[in-house]
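Below: the structure, in structure tokens.
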Amino acid sequence: GEDVEQSLFLSVREGDSSVINCTYTDSSSTYLYWYKQEPGAGLQLLTYIFSNMDMKQDQRLTVLLNKKDKHLSLRIADTQTGDSAIYFCAERSYNTDKLIFGTGTRLQVFP
Amino acid sequence: DGGITQSPKYLFRKEGQNVTLSCEQNLNHDAMYWYRQDPGQGLRLIYYSQIVNDFQKGDIAEGYSVSREKKESFPLTVTSAQKNPTAFYLCASSSRVSATNEKLFFGSGTQLSVL
């Protein structure tokens, strides 16, 4: 079945770049997403990328997709304390029409 | 403002009791979803509904029930059959205009705990 994996924690200094990684197993993925969850809140869609793209940039966010290795990453430039949250990647499976979420990566930004 | 509202924010359940979590949206979305979130785990799909008066089981539907009598509302009942109900419950909706690029809008969640 489909599986999406992420590392659980990432700690970075304010002003540095953060890179959050995600791997998935479903070769029929069409769209891949990054969601952000702040403490005690729901998830908020940050960005998404279509599977035939390699890269997408949106202000401080850069998404890189390596479809061959089934690897997705989210780079946050100039990380701020307000970026501290849990980041979920998710993939939309064409075969099952399901949205599969990863376990989430907790990003902690320290001064 | 358009959005999706969950209530209550916190809920406590006694053993053997059924409890109902509310989810309301005014985004005119056709599809609505219930997810369960446990610490260190991804979101797991409980139930979903693509249209009024219709819903399907997700991956962990046992011990839960839903109804979709109105487009705006998708309440979730956690029954006494759910033996481990303590979790953060998230409701979401989407327009599903394009099924392959479906953007979910989430409520702020309900934390359910067992007394």
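For the stretch B:65-115, a residue qualifies if it is acidic (Asp, Glu), away from chain A (no Cβ under 13 Å) and either touching a Ser or Thr at 6+ places or on another chain (Cβ under 7 Å) or exposed (fewer than 14 other Cβ atoms within 10 Å of the Cβ) (or both), and exactly one does: B:Glu69. No other residue among B:Leu76, B:Leu115 is of a type in the set (A, V, I, L, M, F, W, C) and touching a residue at least 60 places away in the same chain (Cβ under 8 Å) apart from B:Leu115. Take the residues in the stretch A:18-53 that are outside any strand (DSSP E or B) and in contact with a strand residue (DSSP E or B) (Cβ under 6 Å, 6 or more places away or on another chain), then tell me which one is nearest to the other protein chains (Cβ to nearest Cβ). The extreme case among them is A:Gly42. Note on the stretch A:57-111: residues that are in contact with an Asp or Glu (Cβ under 9 Å, 6 or more places away or on another chain), assigned to a strand (DSSP E or B) and away from chain B (no Cβ under 14 Å) total 8. Taken over the stretch B:26-54, the criterion of being in contact with a Gly (Cβ under 7 Å, 6 or more places away or on another chain) and either more than 11 Å from chain A (Cβ to nearest Cβ) or assigned to a strand (DSSP E or B) (or both) is satisfied by B:Asn26, B:Leu27, B:Leu45, B:Ile46, B:Tyr47, B:Tyr48.
Computed from the coordinates by the stated procedures, all read-outs in this text should not be read as laboratory data. Quick caveat, the model's predicted, so the values are computed rather than measured. Backbone-built Cβ (ideal geometry, glycine too); neighbour counts: all protein chains shown.
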